[in-house]
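Undergrad: Have a look at this one.
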Amino acid sequence: MTDPTGTWRLVLLDGRPPASDTHGPVTLTFDGDGMLYGMAGVNRVRATWSADADDQLAVGPLVSTMMAGPDDAMATERDLLALLSVRLAATVDDGGLRLVSEDGTEAVLVPEDPLRSV
């Protein structure tokens, strides 16, 4: 795995784009100090992360704000948080980050454009 450090925007989760009614783009930032934070759809999330030599990424424990939102946005968030709660095969290539669980659930993320959130 190439280093996932940076801010990534979710474009596909288990083959589907994230809900369109999220509170802004769904993003994850992996910082170089082992902290993960971002917007999961409705709520902000924070956790630690680590990677091992076998390209496995571990996230946890996750904490988040507890706001409610539209059903589709909450479903995107629930599915993303479920994915982040298990060990993941992680690859960075062709400008994207892929996170895949043992059961085959996959998240595809692309680098977030900092001007997009302005």
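Undergrad: Could we say that ALA68 is touching a residue at least 12 places away in the same chain (Cβ under 8 Å), among the aliphatic types (A, V, I, L, M) and surrounded by 14 or more Cβ atoms within 10 Å (Cβ to Cβ) here?
TA: Criteria not met by ALA68.
Undergrad: Could you list, in sequence order, the residues of the stretch 19-36 that are farther than 21 Å from THR105 by Cα and surrounded by 17 or more Cβ atoms within 10 Å (Cβ to Cβ)?
TA: Selection gives nothing.
Undergrad: Test ALA90 against the stated conditions and say whether it is over 10 Å from the mean Cα position of the chain (by Cα), buried (at least 16 other Cβ atoms within 10 Å of the Cβ) and assigned to a helix (DSSP H, G or I).
TA: no
Undergrad: Contact list please: Cβ distance under 8 Å, first residue in the stretch 1-24 and within 14 Å of ASP72 (Cα to Cα) and of a type in the set (Lys, Arg), second residue surrounded by fewer than 18 Cβ atoms within 10 Å (Cβ to Cβ) and modelled with pLDDT of 95 or more, pairs at least six apart or on different chains.
TA: Sorted first by the residue in the stretch 1-24, then by its partner, the list stays empty.
Undergrad: Follow-up question, since we're still on this one. Does GLY41 satisfy being in contact with a His (Cβ under 8 Å, 6 or more places away or on another chain), assigned to a loop (DSSP other than H, G, I, E, B), within 22 Å of ASP113 (Cβ to Cβ) and among the small types (Gly, Ala, Ser)?
TA: Here the answer is yes, as GLY41 does meet what is asked.
Undergrad: Looking only at the stretch 1-18, filter to residues that are assigned to a loop (DSSP other than H, G, I, E, B) and modelled with pLDDT of 95 or more; which one of those is surrounded by the fewest Cβ atoms within 10 Å (Cβ to Cβ)?
TA: Out of the qualifying residues, it is GLY15.
Undergrad: In the stretch 44-53, is there at least one residue being outside any strand (DSSP E or B), surrounded by 12 or more Cβ atoms within 10 Å (Cβ to Cβ) and not charged (D, E, K, R)?
TA: No, the stretch 44-53 contains no residue that is outside any strand (DSSP E or B), surrounded by 12 or more Cβ atoms within 10 Å (Cβ to Cβ) and not charged (D, E, K, R).
The values are calculated or read from the model by the stated rules, or taken from the named source; none is laboratory data. Here the structure is a predicted model, which is why all the values come from computation and not from measurement. Ideal geometry is used to build each Cβ from the backbone, glycine not excepted, and the neighbour counts take in all protein chains shown.
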